[in-house]
């Protein structure tokens with residue numbers, strides 16, 4: 001019953017989004033009369049819940065979402081996306097869809113760019129106000145995801161605002177809570193028996209974490225997923241390619257293959273954007289020689305690095 | 001007080017109004033997890049208020065994060081919570097002691113009433129008898145004490161110090177925190 | 001100094017009886033009605049402490065010192081709490097407030113026993129009032145004595161007119 005209820009709400013929000021998107025498209029074309037936005041609190045409980053999915057897809061087409069996909073490996077996560085520019089005159093280097101939120105957490109979106117920028121700002125803000133300034137450490141991925149999801153949920157229930165028109169993928173690395181030696185022992189058994197489970201450590205052992213957040217405020221953990229345009233086919237592709245115990249390098253490779261399947265146009269360092277969660281990138285530290293300092297685990301690959309991966313495909 | 005793979009934290013039990021003793025059963029050390037402890041000296045009402053506040057905050061942390069709070073995280077929580085009251089502080093000087101749940105390393109630190117952290121490798125003292133405690137700890141403490149020796153050291157230091165302070169004493173609680181084990185002992189002490 | 005003290009001492013008491021306690025009483029009764037059970041003395045003491053602690057840092061703090069005595073409705077264990085206007089709460093075997101503390105606590109230290117009976121208790125109380133009559137410079141207006149037992153609260157007759165001479 002609870003599920004059903006949530007679905008209805010989604011539907012309403014998506015419908016609203018859809019219309020909002022339509023309105024904006026129309027507005028830009030200026031060829032059709034403007035459709036007034038409907039208040040998002042109006043929704044029909046009689047419509048079957050399935051419709052929400054349809055309107056989700058419809059919305060993504062309208063907004064020309066771009067495929068975003070991620071793969072979580074045993075030692076990291078890949079976020080990959082196509083940077084689609086509407087004109088050859090744009091400067092691709094200034095376009096950026098993948099953002100760093102905390103040194104260990106990165107985020108990417110499908111949907112409306114301006115809404116995403118606002119959410120990135122808010123995510124960075126709450127990670128400090130709700131966490132860094134209280135505990136002097138950065139939030140674990142799930143906590144940040146919950147905070148961002150709260151921001152998005154509140155937009156569905158507040159008056160005078162429309163929901164955020166984006167789906168997010170948030171990838172991060174968490175420290176585990178198990179004592180070191182215990183975690184090491186458990187790690188050894190999995191490696192020693194050559195039976196990699198591919199499970200990320202969860203909150204006990206820590207490791208890479210990947211979440212999807214929807215405009216409703218619902219969030220889902222994934223091992224690999226895609227959002228945006230042709231997400232369905234990308235996910236089917238990922239289902240075939242994903243194996244347990246994937247290494248980060250393989251994950252980048254699979255991500256590029258999946259991207260290649262689903263996008264038209266050339267793939268090069270300028271048109272592809274990749275963010276990875278991997279081992280600490282100490283070379284990104286501003287100052288050297290600080291005791292106990294570790295580099296950010298999240299970083300974006302440079303166009304040159306992307307080119308290198310593409311040539312190796 | 002830090003030992004080898006263990007820490008100890010102790011407090012006296014007196015509650016008084018200036019020179020008048022009201023109660024000899026007022027513990028000032030509180031437990032916030034398997035191996036996270038907080039000692040509070042200062043105004044009695046704020047000792048209760050602050051200990052209740054952190055019980056609430058730590059319980060919320062545990063529910064939200066589905067894990068126990070680490071002493072270092074807790075210390076930063078104490079610091080930020082006290083500094084929140086920068087211009088109307090709680091009149092307490094807290095001490096945090098515990099073992100890191102991941103590495104098992106001892107952790108101790110102290111604070112002033114507005115949350116400035118004082119990290120230490122050996123011992124932290126606080127309260128009306130802090131000067132006496134400094135003297136006793138400086139002379140009795142040595143590195144790498146085992147749990148039993150650490151108990152003896154902290155107990156002797158505390159009892160000797162409070163005996164030279166008219167405003168402290170009347171019994172003591174001593175906690176020795178080891179990995180997977182916490183020992184709490186009640187010292188009767190002088191009741192005069 | 002003494003004149004001011006007398007005025008303040010009586011002022012304290014009147015407020016204690018009608019203002020703050022009424023509020024507490026109402027809330028304790030509300031709890032009893034809602035949950036169909038009485039609060040335990042410990043729970044009530046902590047509730048009162050919470051109210052007082054909130055009030056302490058408010059614009060107009062309550063200025064009351066309280067002693068809270070009660071018998072747990074379930075375990076029948078008696079308990080006594082000492083609570084001052086700063087909201088410092090302590091469970092105690094015996095207690096007093098104000099100037100009386102300086103005279104009574106030493107007597108109670110000597111004569112109180114954990115398993116004494118009510119009659120013995122009244123005797124020690126009488127020793128305390130005798131001492132107050134003898135030493136306290138403030139005019140002594142008599143005592144109201146009540147006993148809290150598991151069966152309820154009852155008034156105890158107390159001889160206020162006993163004349164105590166200074167030795």
**Item:** Cα-projected label distance for residue B:180 with residue C:133, points at 7 Å along beta-carbon direction, nm
**Value:** 6.7
**Prompt:** Based on the Cβ-Cβ distance of residue C:102 and residue C:162, what FRET efficiency does E = 1/(1 + (r/R0)^6) give at R0 = 25 Å, to the nearest 0.05?
**Reply:** 0.70
**Prompt:** Can you give the extra length, in nm with one decimal, that the chain gains between residue C:38 and residue C:143 once fully stretched, where that is 0.36 nm per residue apart less the Cα-Cα distance?
**Reply:** 35.0 nm
**Item:** Euclidean distance between Cα centres, the range C:102-162 to the range A:101-151, Å
**Value:** 64
**Fill in**
Semi-axes of chain B from the Cα gyration tensor (sqrt of 5 times each eigenvalue, largest first, whole Å) come to 24, 21, 14
**Prompt:** To the nearest Å, what is the center-to-center distance of the range A:293-312 and the range B:113-179, using C-alpha atoms only?
**Reply:** 52
**Prompt:** What is the calculated FRET efficiency for residue B:118 to residue B:60, with r their C-beta to C-beta distance and R₀ = 22 Å, to the nearest 0.05?
**Reply:** 0.25
**Mean ellipticity per residue at 222 nm, deg cm²/dmol - from DSSP H runs of n ≥ 4 across chain B, formula -39500 (n - 2.57)** = -11000 deg cm²/dmol
**Asked** How high is the FRET efficiency from residue B:191 to residue C:30, r the C-beta distance, R0 45 Å, rounded to 0.05?
**Response** 0.60
**Request:** Return the distance in nm (one decimal) between the two label points of a simple spin-label model at residue B:87 and residue A:261, each offset 7 Å from Cα along Cα→Cβ.
**Result:** 6.1
**Extension gain, residue A:293 back to residue A:129 (0.36 nm per residue minus Cα-Cα distance, nm)** = 56.8 nm
**Prompt:** Does a label point 7 Å from the Cα of residue A:307, set along Cα-to-beta-carbon, have any residues of the range A:256-284 with amide nitrogen under 14 Å, and which are they?
**Reply:** A:267-272
**Complete:** Extend 7 Å from the Cα of residue A:283 along its Cα-to-C-beta direction; within the range A:291-313, residues with backbone N under 16 Å of that point are A:295-309
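Read-outs throughout are calculated quantities, based only on the coordinates presented, and are distinct from any laboratory measurement. Remember, it's a predicted structure, so these values are computed and weren't measured experimentally. Because the Cβ atoms are built from the backbone with ideal geometry, glycine has one as well, and the counts that use them run over all protein chains shown.
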